[in-house]
Amino acid sequence: MKVIVLKEGVHTDLGPKGEDIFNSCKEICGTVVLLKAEKKGEENIIVDTGNLGYEEEILEALEKQGLKPEDVEWVVITHSHDDHVSNNYLFKNAKRVAGIGVLFPDKSLDAYNDIDLIKIPGIKRIKTPGHLSAHLSIVVESEGKSYVIAGDAIQEEYIKKGLFGIPINLDYIDSAKKIVDIADVIIPGHGKIIEGKDLEELKKAVYKMEE
């Protein structure tokens, strides 16, 4: 299974002096990831579908992979915020899975608190509460590495500034520790892929949050 970022998540606004400030006032879209089937038994999976206004960009990126929306067998949602779920409607043929709290336009949803109740080929879902209580992250093995598609369970800039998530809580720290301990590569809900030295620095920052 190949891991492909169709849309890198953005979550920035420019302050009066041009510096980046993190809020939800302007441009905001969660990262959209394609897990592309490469061998028998695998199925095409989209993790998070992004925000309205980004449909064309996402569909163009999907087309570059030789796929159409109807070729996607699964849509998996990390959490129910608009910037991560608003394009669910594009993937009408997909089976759709979340933790709780995501309502699709056609009123259909496979939502499970018991993440072992439904099996999706090639991936593992882990509970990562903190940003939201029902937040999930997705683990997939690809090219000899463990990828974690972390949604907003990992917000690198917040962590490095000593913040604990929104709202501030210990679950966020525990979930961040779980992710950095198993990941070779982290795909966060907003911002660039985290790996190598960046991941090592992030891991130190995560554990420092408990000090």
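The values are calculated or read from the model by the stated rules, or taken from the named source; none is laboratory data. As the structure is a computational prediction, the values presented were derived from the model and not from experiment. Heads up, the Cβs are rebuilt from the backbone with ideal geometry, glycines too, and the neighbour counts pull from every protein chain shown.
Among the conditions (1) surrounded by 14 or more Cβ atoms within 10 Å (Cβ to Cβ); (2) modelled with pLDDT of 95 or more, the only one that E70 does not satisfy is (1). Annotation note: of K161, K197, the sole residue that is at pLDDT 90 or above and surrounded by fewer than 22 Cβ atoms within 10 Å (Cβ to Cβ) is K197. Candidates in the stretch 145-158 are the residues that are modelled with pLDDT of 95 or more and more than 20 Å from K7 (Cβ to Cβ); of these, the one that is surrounded by the most Cβ atoms within 10 Å (Cβ to Cβ) is S146.
Here's a check for you: in the stretch 102-133, which residue that is within 14 Å of Y172 (Cβ to Cβ) and crowded, with 20+ Cβ neighbours inside 10 Å is modelled with the highest pLDDT? My answer is T128.
One residue stands out among those in the stretch 62-100 that are of a type in the set (S, T, N, Q) and touching a residue at least 60 places away in the same chain (Cβ under 8 Å): the one that is farthest from L136 (Cα to Cα), which is Q65.
Residues in the stretch 34-67 that are crowded, with 24+ Cβ neighbours inside 10 Å and aliphatic (A, V, I, L, M): L35, I45, I46, V47, L62.
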